[in-house]
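Here the structure is laid out as structure tokens; the discussion comes afterwards.
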Amino acid sequence: MAEGIHLAAEGVVFRYPHAERLAIDGVSFAVEPGERLAIVGPNGAGKSTLLQLLDGLEFPTAGEIRIGNTRVTPSALRQIRGRVGLVFQSPDDQLFCPTVADDLRFGPQQFGWPRAEVEAAVEEIAAQFELTDLLPQSPLQLSQGERQRVALATTLILRPEILLLDEPTASLDPRRRRRLIELLGGLEQTLIVATHDLDLALDLCPRCVILSGGRVIAEGESARLLIDRALLEGSDLELPLRLQGRG
Ligand SMILES: Nc1ncnc2c1ncn2[C@@H]1O[C@H](COP(=O)(O)OP(=O)(O)OP(=O)(O)O)[C@@H](O)[C@H]1O
Ligand SMILES: [Mg+2]
């Protein structure tokens, strides 16, 4: 994706209103177009907060985030939203329509796509995500794993250039987890995946950032960092399952 967009965070600091400590404490990293980066870290490390900052749902207290040449600020939001898509950790934060089909249509309709194009895109994404039978159902009647797939589809239908995923495998059974990893691995988009599933990070993302207490404590090749037992244990993480039990 030669003409894709570059993302950069520089010295980003964020404090939730009334919170005592910083949720994000001076984070810098850059992502090249088409790259797949994992953001790993234990509960409370700041992974979800960081993705929300990258998507313009929150804004840095200090420092800045740039998507291409655009700084993520309230006035640039419409531009950002057309290029960046976030799939929330909890699908319940993302699905609010009476049916799965309506949830899939919602984004394209907001962007003013012609009706026929919306319907064709819904059909295509539903087939890709094995959601065709679920289209008439209410998201409330679906299992957690099904809801998670619908949430991902509602974001991918817009074909964002940068896809932000928050714990995308948390509720999936092993077969669907494997299939999701294959699907994500085949995408051309830039992927930033926040997860404590280190096997997912190893499978999907050649590079990772380890976050702990809102700070980057290591950054580099996943194949090197995620087998470093001392580094991981120092960050309240454990070796990927497939490496546990080996010397
Ligand atoms: N809405 C909020 N208001 C105040 N503090 C918050 C809020 N959301 C998160 N925090 C705090 O910010 C810090 C980072 O939280 P965040 O949800 O980003 O972590 P995370 O790495 O995504 O964790 P998890 O693995 O549990 O999803 C935590 O200390 C958390 O308590
Ligand atoms: Mg989180």
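Can you give the net charge of the other residues whose Cβ lies under 11 Å from the Cβ of Leu86, counting K and R as +1 and D and E as -1?
Values: positive: Arg81; negative: Asp55, Asp93, Asp166.
Its environment carries a net charge of -2.
Roughly how big is segment 81-234's charge dipole about its Cα centre, with Cβ charges of +1 (Lys, Arg) and -1 (Asp, Glu), in debye to the nearest 20? Present the calculation step by step, with values, prior to reporting the outcome.
Values: 16 positive and 24 negative charges, 42 e Å.
So the magnitude is around 200 debye.
For Phe96 and Ala62, what does the FRET efficiency come to when R0 = 41 Å and r is the distance between their Cβ atoms, rounded to the nearest 0.05?
Computed FRET efficiency for Phe96 and Ala62 comes out at 0.80.
Can you compute the modelled spin-label distance between Ala76 and Asp133, with each label point 7 Å from Cα toward Cβ, in nm?
A separation of 4.5 nm, rounded to one decimal place.
Considering only DSSP beta bridges with both partners in segment 7-237, what is the antiparallel share in %, to the nearest 5? Before the final figure, lay out the partial values.
On the way: 19 of 37 bridges.
For segment 7-237, the DSSP antiparallel bridge percentage is about 50.
Show log10 I(q)/I(0) for segment 132-247 at q = 0.18, 0.19 Å⁻¹, two decimals, from a solvent-free Debye sum over equal Cα scatterers.
Treating every Cα as an identical point scatterer, log10 I(q)/I(0) equals -1.00, -1.08.
Taking the Cα of Ala30, stepping 7 Å toward and past its beta carbon, and measuring to each backbone N in segment 221-240: which are under 17 Å?
221
Could you work out how much longer the chain between Asn69 and Glu238 gets when fully extended? Use 0.36 nm per residue separation minus the Cα distance between them, nm to one decimal. Provide the component values of the computation, followed by the final result.
Numbers: separation 169, 0.36 × 169 = 60.84 nm, distance 3.73 nm.
Full extension from Asn69 to Glu238 adds 57.1 nm.
Suppose only helical runs count, i.e. DSSP H with n ≥ 4. What mean residue ellipticity at 222 nm does that imply for the chain under -39500 (n - 2.57) per run, divided by all residues and rounded to the nearest 500 deg cm²/dmol?
That comes out to -9000 deg cm²/dmol.
Through the Karplus equation 6.51 cos²θ - 1.76 cosθ + 1.60, θ set to phi - 60°, convert the phi angles of segment 73-86 into ³J(HN,Hα) values in whole Hz; use x for Gly and Pro.
9, x, 6, 9, 4, 4, 4, 5, 4, x, 10, 10, x, 10
Looking only at Cα atoms, what is the convex hull volume of the chain per residue, in Å³?
Details: hull volume 32.9 nm³, N = 247.
Cα convex hull per residue, to the nearest whole number: 133 Å³.
The numbers here are math on the coordinates, done by the rules we state, and not lab data. Fair warning: this is a prediction, and the values are worked out from it, not measured in the lab. No Cβ is skipped: glycine too gets one built from the backbone with ideal geometry, and neighbour counts run over all protein chains shown.
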